[in-house]
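Before I ask anything, let me first share the structure, which is written out below as structure tokens.
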């Protein structure tokens with residue numbers, strides 16, 4: 001046990017050689033983080049084509065269960081990790097933020113693929129959020145379009161690294177102050193109200209007023225010239 | 001009969017469970033896991049038992065035409081100096097559908113003429129959609145698609161906007177990951193060079209022959 005798990009059993013204390021097989025010394029942080037890193041439960045939702053790769057990662061060929069992440073939770077209340085797998089449209093972002101707010105602390109977000117990380121090919125599109133990190137704090141970015149299952153696994157291992165680096169005394173969710181929820185973004189009003197369709201029709205079918213003004217305009221100019 | 005389907009399903013699960021042990025015993029002495037041979041067997045269609053790729057320890061070999069984020073190719077001459085193949089022409093940046101490439105050009109401070117090699121070359125890998133158009137369109141074979149997909153990080157802006165230093169990889173690396181393409185391009189290049197050399201030799205021979213013909217014939221092309 002002492003040699004097999006170096007991440008846990010390296011607290012910086014010397015153990016006498018005769019006790020090495022019987023005694024394990026660790027810090028609370030390390031044992032706590034070991035428990036957390038091997039039980040990250042992702043939320044079960046997919047947004048676009050990246051979701052297909054995520055499903056593949058969770059299936060038996062790549063097998064997320066080897067990392068203790070096999071329990072995809074359909075409820076945000078029971079999940080620790082939000083894998084934003086795919087294009088986030090402006091219509092979807094309020095729901096994403098709401099789901100994020102509903103997750104209990106500690107919670108992590110993994111932006112999977114180009115669209116979730118930076119908007120990807122739609123970065124300047126009229127209906128796509130260019131990067132989910134504009135609304136929710138993202139912990140790990142996985143590039144790729146879509147990332148292969150192995151690339152996603154690499155991202156998840158990065159997340160485990162991040163969990164390892166945290167300390168109970170410093171993480172914000174065990175602090176005294178309240179963590180405010182992220183405000184849910186609202187879609188703006190519709191540019192065209194369908195109830196005004198008749199009015200718009202009338203307005204657009206009117207003869208333009210410009211030709212009437214055109215003959216009047218040269219007259220003062222002519223006077224000025226004469 | 002009710003419940004037969006459930007029993008059938010459980011039978012399938014049981015055979016898979018038993019297969020996983022039988023297969024391990026069959027492979028006793030050989031490496032079924034963490035070896036090239038084992039991975040080839042497990043990804044074939046007639047594999048039985050466990051076929052999970054034990055990812056961090058072993059990786060599924062990618063096909064040669066697999067493409068991830070692009071990289072820049074540089075040549076190394078005999079003295080060990082690096083020469084970018086890139087001439088900062090900007091075709092890749094133009095054809096890039098998500099517009100994730102931008103190039104910093106430079107000019108010679110003395111002659112004020114543009115220097116072909118770019119000062120810096122950026123690719124936002126979080127925007128890149130791995131389409132491979134840049135590699136397809138590059139007339140100098142300077143930008144190619146990589147096989148390395150392990151580039152997840154914690155900070156997008158600090159680590160995922162690759163600069164020239166991070167993108168540059170030697171031609172030998174390119175030859176290693178895509179040998180077929182590399183060899184085809186090299187033979188084409190060699191043929192072109194041979195053709196050019198032949199043309200130059202013919203020209204030189206013609207130029208040498210002309211003065212012998214006479215002064216009048218030699219002066220005609222000069223006009």
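The values are calculated or read from the model by the stated rules, or taken from the named source; none is laboratory data. Keep in mind that what you see is a predicted model, and the values were worked out from it rather than measured. Neighbour counts are summed over all protein chains in view; Cβ atoms, including those assigned to glycine, are modelled from backbone coordinates with ideal geometry.
Output the number of residues of the range B:139-171 satisfying the condition of being out of contact with any strand residue (DSSP E or B) (no Cβ under 8 Å at 6 or more places or on another chain) and either more than 23 Å from residue A:142 (Cα to Cα) or assigned to a helix (DSSP H, G or I) (or both).
Number satisfying all stated conditions: 6.
Now for a separate question. Within the range B:70-92, track down each residue that is closer than 19 Å to residue B:128 by Cβ and touching a residue at least 40 places away in the same chain (Cβ under 8 Å).
B:70, B:71, B:72, B:73, B:86, B:91, B:92
So, one more: Of all residues being touching a residue at least 40 places away in the same chain (Cβ under 8 Å) and under 14 Å from residue B:57 (Cα atoms) in the range A:58-72, which is nearest to the other protein chains (Cβ to nearest Cβ)? Just the residue, please.
Let us first name the residues in the range A:58-72 that are touching a residue at least 40 places away in the same chain (Cβ under 8 Å), namely A:61-62, A:64, A:67, A:69.
Filter again for under 14 Å from residue B:57 (Cα atoms), leaving A:62, A:67.
Working: A:62: 6, A:67: 9 Å.
Step by step, filter the range A:58-72, then rank; the result is A:62.
Let me ask you something else. State which residue is nearest to residue A:88 (Cα to Cα) when the search covers only the range A:46-57 and only residues that are out of contact with any strand residue (DSSP E or B) (no Cβ under 8 Å at 6 or more places or on another chain) and either within 14 Å of chain B (Cβ to nearest Cβ) or touching a residue at least 40 places away in the same chain (Cβ under 8 Å) (or both).
A:49
Answer yes or no as to whether residue B:39 is under 25 Å from residue A:56 (Cβ atoms) and within 14 Å of another protein chain (Cβ to nearest Cβ).
So residue B:39 passes the test.
What is the residue count in the range A:134-144 for residues that are at the interface with chain B (Cβ under 8 Å from one of its Cβ atoms), surrounded by fewer than 22 Cβ atoms within 10 Å (Cβ to Cβ) and either out of contact with any helix residue (DSSP H, G or I) (no Cβ under 7 Å at 6 or more places or on another chain) or closer than 19 Å to residue A:49 by Cα (or both)?
0
Only one of (1) more than 11 Å from chain B (Cβ to nearest Cβ); (2) under 17 Å from residue B:153 (Cα atoms) is not met by residue A:178, so which one is it?
Exception for residue A:178: condition (2).
Any residue at all in the range B:74-96 that's in a strand (DSSP E or B), within 14 Å of chain A (Cβ to nearest Cβ) and surrounded by 15 or more Cβ atoms within 10 Å (Cβ to Cβ)?
No - not one qualifying residue is present in the range B:74-96.
Follow-up question, since we're still on this one. Checking the condition under 30 Å from residue B:99 (Cα atoms), assigned to a loop (DSSP other than H, G, I, E, B) and without any contact (Cβ under 8 Å) to a residue 40 or more places away in the chain, which residue from B:56, B:63 passes?
Residue meeting the stated conditions: B:63.
Let me confirm something: among B:175, B:135, which residue is closer than 21 Å to residue B:100 by Cβ, at pLDDT 90 or above and surrounded by 15 or more Cβ atoms within 10 Å (Cβ to Cβ)? I'd like the intermediate steps shown before the answer.
Working: B:175 fails: closer than 21 Å to residue B:100 by Cβ.
From the options B:175, B:135, the qualifying one is B:135.
Within the range A:160-196, which residues are in a helix (DSSP H, G or I), in contact with a helix residue (DSSP H, G or I) (Cβ under 8 Å, 6 or more places away or on another chain) and closer than 26 Å to residue A:115 by Cα?
Answer for the range A:160-196, where residues must be in a helix (DSSP H, G or I), in contact with a helix residue (DSSP H, G or I) (Cβ under 8 Å, 6 or more places away or on another chain) and closer than 26 Å to residue A:115 by Cα: A:160, A:163.
A further question on this structure: Among the numbered criteria (1) under 22 Å from residue B:188 (Cβ atoms); (2) within 13 Å of chain A (Cβ to nearest Cβ); (3) surrounded by fewer than 17 Cβ atoms within 10 Å (Cβ to Cβ), which one does residue B:66 miss?
Evaluating residue B:66 over (1) under 22 Å from residue B:188 (Cβ atoms); (2) within 13 Å of chain A (Cβ to nearest Cβ); (3) surrounded by fewer than 17 Cβ atoms within 10 Å (Cβ to Cβ) leaves (1) as the failure.
Take residue A:65 and tell me if it is surrounded by 16 or more Cβ atoms within 10 Å (Cβ to Cβ), modelled with pLDDT of 90 or more and either in a helix (DSSP H, G or I) or touching a helix residue (DSSP H, G or I) at 6+ places or on another chain (Cβ under 9 Å) (or both).
Working: surrounded by 16 or more Cβ atoms within 10 Å (Cβ to Cβ): no; modelled with pLDDT of 90 or more: yes; either in a helix (DSSP H, G or I) or touching a helix residue (DSSP H, G or I) at 6+ places or on another chain (Cβ under 9 Å) (or both): yes.
Against the criterion (surrounded by 16 or more Cβ atoms within 10 Å (Cβ to Cβ), modelled with pLDDT of 90 or more and either in a helix (DSSP H, G or I) or touching a helix residue (DSSP H, G or I) at 6+ places or on another chain (Cβ under 9 Å) (or both)), residue A:65 does not qualify.
Oh, and also: Only one of A:120, A:86 is out of contact with any strand residue (DSSP E or B) (no Cβ under 7 Å at 6 or more places or on another chain), within 12 Å of chain B (Cβ to nearest Cβ), on the phi > 0 side of the Ramachandran plot and surrounded by 15 or more Cβ atoms within 10 Å (Cβ to Cβ). Can you tell me which?
Of the residues listed, the single one that is out of contact with any strand residue (DSSP E or B) (no Cβ under 7 Å at 6 or more places or on another chain), within 12 Å of chain B (Cβ to nearest Cβ), on the phi > 0 side of the Ramachandran plot and surrounded by 15 or more Cβ atoms within 10 Å (Cβ to Cβ) is A:120.
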